[in-house]
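First the structure, in the form of structure tokens, and then the observations on it.
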Amino acid sequence: MSKVVKVNTMGSFEPIKKTAVYCRISTSRTRQPSSLENQISGLITYVSRQYNLKLVGVYTDIGSGRSTESRKELKRLLADCDDGDVDCIVTKSISRFGRNTAELLRICRSLKEKKIDVYFLSENMHSLDPSGELSISLAAAVAEGESFNKSEAIKWGIAKSAENENSAIYSRKCYGYQSTGDDLVIVEDEADVVRRIFDSYLSGKGSYAIKTMLEKEGIPSPTGKAAWSKRTIEKMLTNEKYCGDVILYKTFVSEYPSSERVENSGEHKQIAVQNHHKAIIEREKFEAVQALIKERGRTDQ
């Protein structure tokens, strides 16, 4: 079967390129969805105006551009490229496609071997251009530098906030509390559930038995679901906020370019503040539960 072709403005024939649009935003916060819609709309409009491009798919990710690992839609797009379903990719900018220079170039080189072009609209760059790789690498290095600076600024801001015990960073709400910005205030109906969980554990119930009990009684989980997870109950049983304390840096983000949050096993200094807010669980009871958890070895026994 012959390829579909269109006549360009010069009167010659060119094959129609099966074109995919790729969009990415960093978070799902309030303003971001409209940014994603604008990206999609702008790119679809661009493709529709090109005589030799035919839209075959729209791929969208929400998350960091530092790695492909968490970007399911980019992975799907690359798989479709491998299957021959895509001839060309159009994306808003280099930073939308990726902020890790080495990984970005690896993807572009892999696609180049298949003769698949990536067009970066803002920079007006084609990865298949002879000078494309150098131009893309320079622009990607700038985007990566901006991402690194932003990451370091966020870390610095958190560290400065941690120096002030009245900072909102100490008053992040959890189930049983609501935040007023500089304090945690008990939500009584949720606090009653927290007390039952601690009392049930001390009476001999494990996390699975507590989960079953709450579900049978129709008590919604912290996320409002009918089903509770054992992990949620286990985390609640070890949450120091319930005895009035706050510990910062129980987890931390590993070094750039990774955006993975990992457990702190001594790599980062922790900050602990006792009696920061009103407790839901008496300290003696909280410590008794911690001792019992340690004795049992794991909370589901």
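The values are calculated or read from the model by the stated rules, or taken from the named source; none is laboratory data. Model, not experiment: these values are computed from the prediction. Neighbour counts run over all protein chains shown; Cβ positions are idealised from the backbone, glycine included.
Which helices (runs of 4 or more DSSP H) does segment 191-301 wholly contain that include 2 or more residues that are at pLDDT 75 or above and in contact with a strand residue (DSSP E or B) (Cβ under 9 Å, 6 or more places away or on another chain)?
Numbers: elements: 207-216, 230-237, 283-296.
Result: empty, no element qualifies.
Say whether the condition of being crowded, with 17+ Cβ neighbours inside 10 Å, within 21 Å of Lys18 (Cα to Cα) and at pLDDT 95 or above is met by at least one residue in segment 57-68. Within segment 57-68 (the criterion being crowded, with 17+ Cβ neighbours inside 10 Å, within 21 Å of Lys18 (Cα to Cα) and at pLDDT 95 or above), the answer is yes, since at least one residue qualifies.
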